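Following: one structure in C-alpha cells, then a few remarks.
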Amino acid sequence: MRQKLYRRAFAIFCVILVFSQMSQVAANYHREQQRMMEEELAKEKSKLTLWYTDDKLNAYLVEAAGEFEKQHQVEITLQLVTAVDYIEHINTASISDLGGPDLFVTSSELLEKARLSGLAVENDSFTQKELEESFPQKALDAATCGGKLMAYPFYFETCFLLYNKGYTDKAPETIDEILTYADNFEGSSATERVESIFKWNVADIFFNFFFVANYVNLGGPTGDNKAEVQLSAEEIIQCLEYYQSLNAFFAIDADEVTTDDVLQEFIDGKIVYTIAKTDAIARLDAAIAEGLVYQVPAEETEGEGEAEGESTEETASEEVQPEEQPADNGYFYGIAQVPDLTEELHTKGLSVTNSVAVNAYSRERELAKEFARYLTYDKVDSLYSMANKMPVKIGVGYANDEMQLLIAQYEDSVEVPKITDLSNYWIEMEIVFSNIWRGNDVRTEIEAVNQAVQAQLQTQE
C-alpha cells in the first residue's frame, strides 16, 4: 500500500515537473518573440534618410548622424546625390513605393520649388526668442517662403574683399581708393612679385554681382514676391559703366581668368586685392599650414610707396585712410566687406544660404525635425572645422577673428531669389557682364535682359 502511494506521488511529481519545464520554455519563447517583435517595430519606426549634394559635408554629417543615433536609438542613412534636378528627384522618390528622404539639404533658391511641390513642412522647432537670438534675419528670410519659415538655416556663402597684408594694411572703403593705391604704387624689391593690384574672376556672376546688387530688387526680403522685382535703374547703369571702366585699369582677360588661378596668384603674392568667396579662407589657411604662402620681406615694406626725395608725411596723405585699421592677427591676408565703387555708388555682396528641409512625405516628421535642429543648431559649432562651411548660427567662434566680418558681409548681402522664373536671370546677367567688360553698350545690354526677364515673369502669372 505504501509503495503504491510512493509510486503515485512520484508520478504526480514527474507530471508537475514536466508541466513546469514546459511552462518555463513557453514563457521564455514568448519573451523572446516579444523582444524580437519590439526590435522589428523599433527598426520600422526609427529610420531617417538625409539627402545632400555637397561631399564636403560628409565628415560632419557622418559624425552628427552617429551622435544622434546614439541619443535617439535611430538608424540614419546619409545619401549623397547629384545636384541636377535635385527637387524633381526628391519628389519622384517621395511618391514612389520606396519613398524619398525624410529631410534634405537645399539652397535658398530651390526652397520655393520644394514648397510648391509639397516637399517641405514648416520649421516649428524653435521659439521666437531662440530664432531672434540665434540666427541673423538674413538667414531667417532665406529659409522663409509663402510667409512661413519652411526650413532650418544651416550655412552660407558670400563674396568679400581679400587683401595681402604684406603689401598694405589698408581695407579700402571704395574701389576708387584701390585705384588711388594703384596710381601711387611703386615697384621695389619687396613688391617685385606683384603682377596685379586688383584682380578677380570677371567671368563669374557670383564675384561680379556686387557691382549692381545694391540697386536691384529680387523678390523682396524673402526673395519670393514677384511684385517686388526691379532689375533696371539709373544707378545700375552707372555701376556697370564703372565696372566697364576698370578693364582699362586692370585688363583682366575674361576668357582666361578662373577663380582657382586668381586665388593661387594671391597666395603666391602676385595680387594685392581680390574678390573672393567664403570657401577661399580654408584654402588660404591650408596654404599657410603647408608653408606654401609667399612671405613679403617685412623689413622691406616699411618704406613702401615712398618716392625718392619724398618725405613720409607727404606720401601718407596719398595712402588709403579707412576709418579703422585692422589689427595684425598673424595671417598674411586681411578680410573686409566688398568696397563701394565710389562715395556715391554703393555695393552689396551676393549670398546663398543652405538650409535643411523636412520632407512633408516623411513618416517620421517629428524625429526628422529634431535631427534638422541638431544639424543646424546643437552640433553646428563644429561645422566649419569639419566641412569648411560657415554656419549662419550667431556666436560661432573662429581661430581667425576677422572671419566675423564675413557674418557682417552676409547680413548686408543680396540673397539669390527663390522665384523660379528668375532662374535664367543669372545666366543672362553673366553674359551681360561679359559683354560689358568687352566694351558693349551698357544701357543696351541691361535693358535687353530686363525686358526678357520681365516678359517671362508676366507670362507665368
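For the stretch 342-360, the criterion of being hydroxyl-bearing (Ser, Thr, Tyr), within 22 Å of Ser125 (Cβ to Cβ) and at pLDDT 95 or above is satisfied by at least one residue. What about Glu44, is it modelled with pLDDT under 95, touching a Pro at 6+ places or on another chain (Cβ under 9 Å) and part of a helix (DSSP H, G or I)? Against the criterion (modelled with pLDDT under 95, touching a Pro at 6+ places or on another chain (Cβ under 9 Å) and part of a helix (DSSP H, G or I)), Glu44 does not qualify. Just one of the listed residues (Thr82, Thr77) is assigned to a strand (DSSP E or B) and either among the acidic types (Asp, Glu) or surrounded by fewer than 19 Cβ atoms within 10 Å (Cβ to Cβ) (or both), and it is Thr77. Set side by side, the residues Leu375, Leu383, Leu406 differ, and just one is part of a helix (DSSP H, G or I), closer than 21 Å to Ala213 by Cβ and open to solvent by less than 20 Å² (accessible area, probe 1.4 Å), which is Leu406.
Yes/no per residue for (1) open to solvent by less than 70 Å² (accessible area, probe 1.4 Å); (2) under 30 Å from Asp285 (Cα atoms):
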position: Pro391; (1), (2): yes, yes
position: Phe433; (1), (2): yes, no
position: Arg438; (1), (2): no, no
position: Glu447; (1), (2): no, no
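Considered as a group, the residues in the stretch 94-150 that are in a helix (DSSP H, G or I) and hydrophobic (A, V, I, L, M, F, W, C) include one that is surrounded by the most Cβ atoms within 10 Å (Cβ to Cβ), and that residue is Ala142. Residues being farther than 30 Å from Lys379 by Cβ and either among the aromatic types (Phe, Trp, Tyr) or at pLDDT 95 or above (or both) are represented in the stretch 407-426 by at least one member. Of the numbered criteria (1) closer than 28 Å to Leu162 by Cα; (2) in contact (Cβ under 8 Å) with a residue 60 or more places away in the chain; (3) of a type in the set (Gly, Ala, Ser), the one Ser423 fails is (1). For the stretch 432-461, a tally of residues being of a type in the set (A, V, I, L, M), within 28 Å of Asn354 (Cα to Cα) and modelled with pLDDT under 95 returns 3. As a summary of the residue check, Lys56 satisfies the conditions (1) charged (D, E, K, R); (2) closer than 23 Å to Arg115 by Cβ; (3) open to solvent by 80 Å² or more (accessible area, probe 1.4 Å); (4) in contact (Cβ under 8 Å) with a residue 40 or more places away in the chain except for the one numbered (2). Return the residues of the stretch 167-198 that are open to solvent by less than 40 Å² (accessible area, probe 1.4 Å), touching a strand residue (DSSP E or B) at 6+ places or on another chain (Cβ under 9 Å) and not in a helix (DSSP H, G or I); say none if nothing qualifies. Tyr167, Thr168, Lys170, Ala171, Pro172, Thr174, Thr191, Val194, Ser196, Ile197, Phe198, listed by residue number. Going through (1) over 22 Å from the mean Cα position of the chain (by Cα); (2) of a type in the set (A, V, I, L, M); (3) in a loop (DSSP other than H, G, I, E, B) one by one, Ala203 falls short only on (1).
The values are calculated or read from the model by the stated rules, or taken from the named source; none is laboratory data. Computed from a predicted model, the values in this text were never measured in an experiment. Positions of Cβ are generated from backbone atoms using ideal geometry, with glycine treated the same way; all protein chains shown enter the neighbour counts. To get the accessible areas, we keep the full protein, side chains included, count just its heavy atoms, and leave off ligands, DNA and RNA. Shrake-Rupley method; radii C 1.70, N 1.55, O 1.52, S 1.80 Å.
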